[in-house]
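Let me begin by handing over the structure; questions about it come next.
The values are calculated or read from the model by the stated rules, or taken from the named source; none is laboratory data. Model, not experiment: these values are computed from the prediction. Ideal geometry is used to build each Cβ from the backbone, glycine not excepted, and the neighbour counts take in all protein chains shown. Just the protein is used for accessible areas: all its heavy atoms, side chains included, with ligands, DNA and RNA removed. Shrake-Rupley method; radii C 1.70, N 1.55, O 1.52, S 1.80 Å.
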Amino acid sequence: PETLLGLIGSLTAVTCVLLPQSITDFFESATVPLTLASFEDDQPLLLANSSFCRMTGYALNDIIGQNCRFLQGPLTEPIARDDIRKAIVQRRDAQVVITNYRANGSDFTNLLFLYAIRGLRGSRGFM
């Protein structure tokens with residue numbers, strides 16, 4: 001079975017995202033912070049678990065459809081941002097240590113793991 005994840009986009013371009021129930025169940029049960037983003041457009045977040053929301057202080061409704069750049073701030077390392085950008089363009093896995101920011105403005109060190117996940121047709125559609 002698949003779960004309708006949500007509608008992402010503007011009034012003129014809306015994407016309906018269907019994910020296997022096993023993925024949404026995994027996210028809901030995980031105790032570590034997890035997000036799922038699309039390779040499409042500006043890599044919008046499609047899914048985030050409650051651990052991610054607790055760690056960052058952002059409400060789920062405020063982040064779905066947003067690029068994770070909202071976590072960046074004045075101390076975010078340009079080299080780390082470049083490493084992430086390259087991994088996304090090349091659609092490859094990466095591990096990056098980056099300074100991110102919570103909703104309250106406090107910084108934290110994030111050990112970010114990017115994993116390309118194959119879509120329904122075998123393409124690397126999610127990360």
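With each label point set 7 Å from Cα along the Cα-Cβ vector, what nm distance links LEU60 and LYS86?
3.6 nm
Mind checking the full-extension length gain between VAL32 and THR76? Use 0.36 nm per residue of separation minus the Cα-Cα distance, one decimal, nm.
Gain in length upon complete extension: 13.7 nm.
Oh, and also: For LEU45, what charge total do you get from the other residues with a beta carbon under 13 Å from its beta carbon, if Lys and Arg give +1 and Asp and Glu give -1?
Summing Lys/Arg as +1 and Asp/Glu as -1 gives -3.
Hey, another quick one. With a sphere of radius 14 Å drawn around the Cβ of TYR58, what net charge do the other residues whose Cβ falls strictly inside it have (Lys, Arg +1; Asp, Glu -1)?
Around TYR58, the charge tally is +2.
What is the Cα coordinate range of the stretch 29-70 on the first, second and third principal axes, sorted by size from largest, in whole angstrom?
Principal extents (Cα only, largest first): 28, 18, 15 Å.
If you roll a 1.4 Å probe over the heavy atoms of the protein chains, what accessible area per residue do you get for the stretch 15-57, in Å²?
With the other protein chains kept in place, the stretch 15-57 gives 50 Å² per residue.
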